[in-house]
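The values are calculated or read from the model by the stated rules, or taken from the named source; none is laboratory data. Treat the numbers as computed from the prediction; the structure is a model and nothing was measured. Here Cβ is always computed from backbone atoms with ideal geometry, including for glycine, and neighbour counts include all displayed protein chains.
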Amino acid sequence: MLSRIVCNSSLGPSSLAQLACSSLHLLRHVQRQLSTASTASAAAAAAPAESTSQDAADTLEFPGGRVPFTHNMEFLGGPLTPSSPRIPCYRTLDGTGKHIPDAVVPHDLQQQDAVALYTAMAKLQVMDTICYDAQRQGRFSFFMTCAGEEATVVGSAAGLDPRDMVFSQYREHGVLLWRGFSFDDFANQLYGNSLEPGQGRQMPIHYGSKELNYQTVSSPLATQLPHAAGAAYAMKLDGADTVAAAYFGEGASSEGDFHAALNFAATLGAPCLFICRNNGYAISTPANEQYAGDGIACRGTAYGMPAIRVDGGDARAVYCATRAAREIALRDGCPVLIEAMSYRSGHHSTSDDSSRYRTREEMVAWRARDPVVRFRHWLVANAWWDEEREKQLRHATRQQVIEALEKASKVAKPPVSALFSDVYADMPWHLQEQLQETLQVARRHPHLCPPDMPVQ
Ligand SMILES: Cc1ncc(C[n+]2csc(CCOP(=O)(O)OP(=O)(O)O)c2C)c(N)n1
Ligand SMILES: [Mg+2]
């Protein structure tokens, strides 16, 4: 059923009628084929050679399956219009957080898990707000929030197994928060101090954690996708019961690496979850200029993998879809594509001003659909959450984040020599020479180095 929905979506404006006609045509054709085949098989004993050539006259024998011939010259698909049919978007909570009575909820959240999921989303929101403001005050050089996408990121994280390897884009720090990355860990990375494993070699927000199975963020878009496909294939070869989870934006899906990754994963049967955050924008490029088809989910079918479109503002729906996708990937040995529809409520980054390319009305309308509030309404309706707990959580988180930033700001920066370390076990002679030269320049011109960076 799902693959049928996904296939249909690639059809054009008058496509429903076309689809009905071509489906009917196909059905009749298949019926004809079957009756031909049964007649042929009845005659097979007498004249096997003839039956084969009759069969071949009506179908194209191709590796992987028979392709039926048709006498109609039909093109599939075409440019979409606003009224073209679209792949439906799975959700379990309505826009106000009310349970939808006939929603399919195969893995419902029990109180403890639901509260944990909400807590992580609310903490993420508080941390994002404080870190955004801290960057604007000039405390560190760059920051990105995931405002508007908290349910997509934390809901999917909760649907994964902590052992699953995550390959993120950059707006998915909620997965780390869910897995136990502390505010200190975040703050140390943002300040690029000597306590962070990357030793300040990357820009802020390029988090990574070996312990939490989270590959370090890499700025060039979509490069994480082939890595994830490869890691998933390795898991399959090892007989592991884990998946690789690759996150990316709808903008990144225009990169060649996206297509290479999906095709490799599909043909190799690699248990990889491709989780697309379709948040409507790639910096200033709106989604309708990013692709001409029906979003990203339809591409899953094209590559031969199950795909689903889910309401990225419904944490419970994202959680259910991720758990189900994980089960399919491991059971059937195939990748699965999830397209989570949401909205980037914040600016692209601290270097962006989104009021230059989108209207205030649009932003206000989406902010009113805050996924954190929506999930909280469901919790409150279940009597699992109340105003007092909300106040305490936000207050305590605020204090913890501010303290973590304060502490991280006082930790020394990595030494200049960290520019050269951690590449080779034994530093080659030419790098040793360059290191000595760099140290001499830094000593001669101290103003070139940040004052808290040891020249050693
Ligand atoms: C290969 C490459 N091209 C361009 C960029 C510049 N760039 C950084 S983020 C971004 C937009 C990506 O949009 P999307 O994938 O939708 O993710 P979102 O920011 O919306 O979460 C662009 C174009 C880049 N980092 N890498
Ligand atoms: Mg985007």
Residue identified as small (Gly, Ala, Ser) and within 23 Å of Ala187 (Cα to Cα) among Ala368, Ala396, Ala381, Ala425: Ala396
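Listed residues Ala317, Ala270; which is in contact with a strand residue (DSSP E or B) (Cβ under 6 Å, 6 or more places away or on another chain) and in the same structural domain as Asp353 (by TED's automatic domain parsing)?
Step by step, each of Ala317, Ala270 is checked, and only Ala317 is in contact with a strand residue (DSSP E or B) (Cβ under 6 Å, 6 or more places away or on another chain) and in the same structural domain as Asp353 (by TED's automatic domain parsing).
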Single residue of Asp353, Asp386 found to be among the acidic types (Asp, Glu) and within 16 Å of ligand 1 (Cβ to nearest atom): Asp353
Hits in the range 267-285 - residues which are in a strand (DSSP E or B) and within 10 Å of ligand 1 (Cβ to nearest atom): Cys276, Arg277, Asn278, Tyr281, Ala282, Thr285
Tabulated pairs, the range 376-405, first more than 17 Å from Lys123 (Cβ to Cβ) and touching a residue at least 24 places away in the same chain (Cβ under 8 Å), second among the charged types (D, E, K, R) and surrounded by 14 or more Cβ atoms within 10 Å (Cβ to Cβ), C-beta under 8 angstrom, 6+ apart or interchain: Trp378/Arg316
Residue within the range 165-173 that is buried (at least 24 other Cβ atoms within 10 Å of the Cβ), more than 13 Å from ligand 1 (Cβ to nearest atom) and under 14 Å from the mean Cα position of the chain (by Cα) present: yes
Residues that are within 13 Å of Leu273 (Cα to Cα) and within 16 Å of ligand 1 (Cβ to nearest atom), drawn from the range 220-244: Gln224, Leu225, Pro226, His227, Ala228
The range 108-125 - residue that is touching a helix residue (DSSP H, G or I) at 6+ places or on another chain (Cβ under 8 Å) and surrounded by fewer than 19 Cβ atoms within 10 Å (Cβ to Cβ) and, of those, nearest to His395 (Cα to Cα): Thr119
Qualifying residues in the range 228-239 (those that are touching a helix residue (DSSP H, G or I) at 6+ places or on another chain (Cβ under 8 Å) and free of Cβ contacts under 8 Å to residues at least 60 places away in the same chain) - the one nearest to ligand 2 (Cβ to nearest atom): Gly230
Checking Ala245 against (1) away from ligand 2 (no atom under 16 Å from the Cβ); (2) surrounded by fewer than 24 Cβ atoms within 10 Å (Cβ to Cβ); (3) within 13 Å of the chain's Cα centre (by Cα); (4) of a type in the set (Gly, Ala, Ser), the condition it does not meet: (2)
Output for the range 250-294, where each listed residue is more than 16 Å from ligand 2 (Cβ to nearest atom), under 19 Å from Arg323 (Cα atoms) and not aliphatic (A, V, I, L, M): Gly269, Pro271, Cys272
Unique match (being touching a His at 6+ places or on another chain (Cβ under 9 Å) and either modelled with pLDDT of 95 or more or in a loop (DSSP other than H, G, I, E, B) (or both)) among Ser409, Ser355, Ser349: Ser355
Pairs, first free of Cβ contacts under 8 Å to residues at least 12 places away in the same chain in the range 207-226, second not in a loop (DSSP other than H, G, I, E, B), C-beta under 8 Å, six or more apart: Gly208/Tyr214; Gly208/Gln215
